[in-house]
1. Can you compute the helix-only [θ] at 222 nm over the chain? Use -39500 (n - 2.57) per DSSP H run of at least 4 residues, normalise by all residues, nearest 500 deg cm²/dmol.
2. May I ask for the equivalent-ellipsoid semi-axes of the chain, computed as the square root of five times each C-alpha gyration tensor eigenvalue and listed largest first in whole Å?
3. Can you check what the net charge comes to around Gly165, using other residues whose Cβ is under 12 Å from the Cβ of Gly165 (Lys, Arg +1; Asp, Glu -1)?
4. Which value results when the Cα radius of gyration for the range 1-57 is divided by 2.2 N^0.38 Å?
Amino acid sequence: MTNDGPGLRERSKARRRRRILHTALRLFAERGYERTTIADIAEAAEVSPRTVTGYFPSKLDFITEWPASREQRIIELYRENPDVEFIDLVDMWWHDLRDHVDHDEAALTRAMALANPGVVAMAEVEVARRTAGTSITLDDPDRDDLFQAAGRAAIKGINQIFLRGVAENRMTDELHQTLLHMIRTIADHTNIGHGSFQLDR
């Protein structure tokens, strides 16, 4: 008798979930988000519509998968290292992403985003809504300070370039460190993100 049953079932479910997700992202890139239905995804993935919604209750869940997993991971890293400095947390997060990224999923997500630019903003809003109260803040209390607002925007832009490099499998150790140095310089000049992060309440 073997006790591998549950493990095999979980791996089978994980493979099915991944296949459905990748199929949906591919169809969104090829046909457009609005024109792709759950039935289309089910047919292409060779499963029933009910199976699709069992893993992803709505189309929105497909487009939030990768950004939500990234958001969750930086929260986990902060909780594991509550005294970490801002720049060190970013470095840990980036290395973790590079070490564990599903390159197919990242590439499909980027292709989907390029084909559906409005969906990206929708995904960001939804991820922010779902993680409200659990996110990590980079900001000092005065959010009206325009200089700091510029710093936040610049850091966000650099992070997006890093994620693009990962998605396109073009990220190198040298570029990783260069982008990290840029964030450090911005943080030093704008006083954003210094010291330990605080979880939003």
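We did not get these values from a lab; they are worked out from the coordinates using the rules stated. Note that this is a predicted model, so its numbers are computed, not measured. Note: ideal-geometry Cβ built from the backbone for every residue, glycine included; neighbour counts use all protein chains shown.
1. Helix contribution divided over all residues of the chain: -24000 deg cm²/dmol.
2. Ellipsoid half-lengths, sorted descending, are 33, 20, 17 Å.
3. Within the 12 Å Cβ shell, the charges total +1.
4. So the range 1-57 has a normalised radius of gyration of 1.32.
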